[in-house]
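Right, one structure below, let's go through it.
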Amino acid sequence: MAAVSTMDAATEKLVSSIDAVNLELIEEMTTNVDAVQERVLSEILGRNGDCEYLVKCGLSSAADRAAFRGKVPMVTYEDLEPYIRRIADGDRSPILTGAAHPVSEFFTSSGTSGGERKLIPSVEDEMDRRYLLEGLFIAVMNQYVSGLDKGKGLYFLFVSSETTTPGGLPARTVTTSYYKSHQFKNHAYQKNTSPIAAILCADKFQSMYAQMLCGLCQRNQVLRVGALFATGLVGAIRFLQHNWEQLAADIDAGVLLSTRVTDPSVREAVAGVLRGPDPELAKFIRTECSKGDWAGIIPRIWPNTKYLGVIVTGSMAQYVPTLNYYSGGGLPMVSDIYGASEGDFGINLRPLSSSEVVSYTFMPNMAYFEFLPVDAADDQLELVELACVETGREYELVVTSYTGMCRYRVGDVLRITGFHNAAPQFQYVRRRNVVLSVGSDKTEEAELQRAVERASSLLHHPYGSAISRGSSVGQYKVPRCVAAPPFIELLDSRAISSHFSPALPHWAPVSTST
């Protein structure tokens, strides 16, 4: 079995030099926040000032910050959608971006946090900015965990289906665009066990199977395990639970026996990793996975893992207990970058912090940031600049990006937790207008998560659960109706009042007459 690889001295020195430059850049930007923001806005107006939207607002490429803040309104996606639709339909005039920086593709939002999927315009050099932010975070991470450049990362990464707009522009998720970019393919020092062909395979089963198989074959070289979000890593471990026998058979034979992996490029890439029978590894996997005990499975299979690289903030916090179970509770969970389809905006400067206290730090070079105070009265909706936010207050993020979104309400509500030098640090609170409402009582996402955790503790002994009575975790489905006495007792014990109506329920079809 191959051991963790070592780097030659020249390469190690290069990595250290790159990290030093990036760390210095972080300090410079976070110290001179307002000056950097003024420069960024000047650059954005300089390249997009001749676009139709800004001209209609009465601006030009020579406009300054005061003119911009005085003339350009704060907008939502619905306000910009007519412009975006024209671009998507093939209008190549400078509508939202300047003539020298036309929209080259659209990033599609997931639609899971705010409703309908959106088309977010992007330009040719946008991926360079996102790649820069990733490099900054890697430099930070190397300060906290040593030796990461001497091994590999097992990251479960997937592309989504993409479409073409009527005007011929690609429409896809930002991650799909990134994984297909030359920046990702030529990444200098973040090695992955997954072949590019496996990541780019659109068939989810084939992609997952190939990535898991390659990760198992290189188990002793793996120093970090992760996925984009916590759900991705949870799904990967559950995939292993269901497919370990076939995976072990392939490793035992030294060839890809699975008939469900049919993509020629994936099969070729996996063949380059298998390189002959490995009965010892196959036996190990069968032994570990056949126990039926999945507690601590990650360090058991990948013993050199130093941390889990997953986003566990916001709605992903609910998966922390599951990941603690799979990791044996001893591996930190690192949430690296705060971003969205509209852009990547901040990094976690204290990556080993526990999930409940993770804060991100705004990088002022990524966009021009303004903030709408959540607690402001309707007649006092003046936007606050990045350098002027206050610790403890909550704001909705408003962004002006290089990609043509001007004073755009992203929809995220953030709480300022402090500062790194002069750069605000923040925690994600919730999406705007996404709260549980009972009467006039508003319940935020974090409060709902805590309530669910308290309620779930009541389902432990003596009440038991679906799981403790013999069901498989992988087969669990949320019950629509409960009949077991312990559950009835639990629900009845928490009832505040009961009401009975003697009237019979009545239903009649709605008239469809025209």
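The values are calculated or read from the model by the stated rules, or taken from the named source; none is laboratory data. Note that the structure is a prediction, hence the values are computed from the model and not measured. Heads up, the Cβs are rebuilt from the backbone with ideal geometry, glycines too, and the neighbour counts pull from every protein chain shown. To get the accessible areas, we keep the full protein, side chains included, count just its heavy atoms, and leave off ligands, DNA and RNA. Shrake-Rupley method; radii C 1.70, N 1.55, O 1.52, S 1.80 Å.
Being at pLDDT below 90, under 31 Å from the mean Cα position of the chain (by Cα) and either in the same structural domain as R86 (by the TED database) or of a type in the set (A, V, I, L, M, F, W, C) (or both): is that true of I44 here?
Values: at pLDDT below 90: no; under 31 Å from the mean Cα position of the chain (by Cα): yes; either in the same structural domain as R86 (by the TED database) or of a type in the set (A, V, I, L, M, F, W, C) (or both): yes.
So I44 does not fit the description; no.
Filtered by the rule that a residue be free of Cβ contacts under 8 Å to residues at least 12 places away in the same chain and either among the aromatic types (F, W, Y) or closer than 22 Å to G346 by Cβ (or both), the stretch 283-329 gives a lone residue, F284. Just one of the listed residues (L240, L257, L281, L331) is open to solvent by 20 Å² or more (accessible area, probe 1.4 Å) and within 22 Å of P195 (Cβ to Cβ), and it is L257. Residues in the stretch 414-428 that are open to solvent by less than 10 Å² (accessible area, probe 1.4 Å) and over 22 Å from L25 (Cα atoms): L414, I416. The selection criterion, being surrounded by 15 or more Cβ atoms within 10 Å (Cβ to Cβ) and farther than 20 Å from E134 by Cα, holds for P170.
Can you confirm whether A295 is surrounded by fewer than 17 Cβ atoms within 10 Å (Cβ to Cβ), more than 24 Å from L397 (Cβ to Cβ) and touching a Phe, Trp or Tyr at 6+ places or on another chain (Cβ under 7 Å)? Yes, satisfied. Close Cβ contacts (under 8 Å, 6 or more residues apart or on different chains) running from residues in the stretch 52-74 that are assigned by the TED database to the domain that holds V103 and under 18 Å from P94 (Cβ atoms) to residues that are open to solvent by 70 Å² or more (accessible area, probe 1.4 Å) and at pLDDT 90 or above comprise C57/K71; G58/K71; L59/K71; S60/D50; S61/D50; A63/K71. The residue that is least open to solvent (accessible area, probe 1.4 Å), among those in the stretch 389-413 that are in contact (Cβ under 8 Å) with a residue 24 or more places away in the chain and farther than 28 Å from L59 by Cα, is V413. Taking the stretch 85-106 as the range and being more than 9 Å from T165 (Cβ to Cβ) and either part of a loop (DSSP other than H, G, I, E, B) or touching a Phe, Trp or Tyr at 6+ places or on another chain (Cβ under 6 Å) (or both) as the test, the residues that pass are D91, R92, S93, P94, I95, L96, T97, G98, A99, A100, H101, P102.
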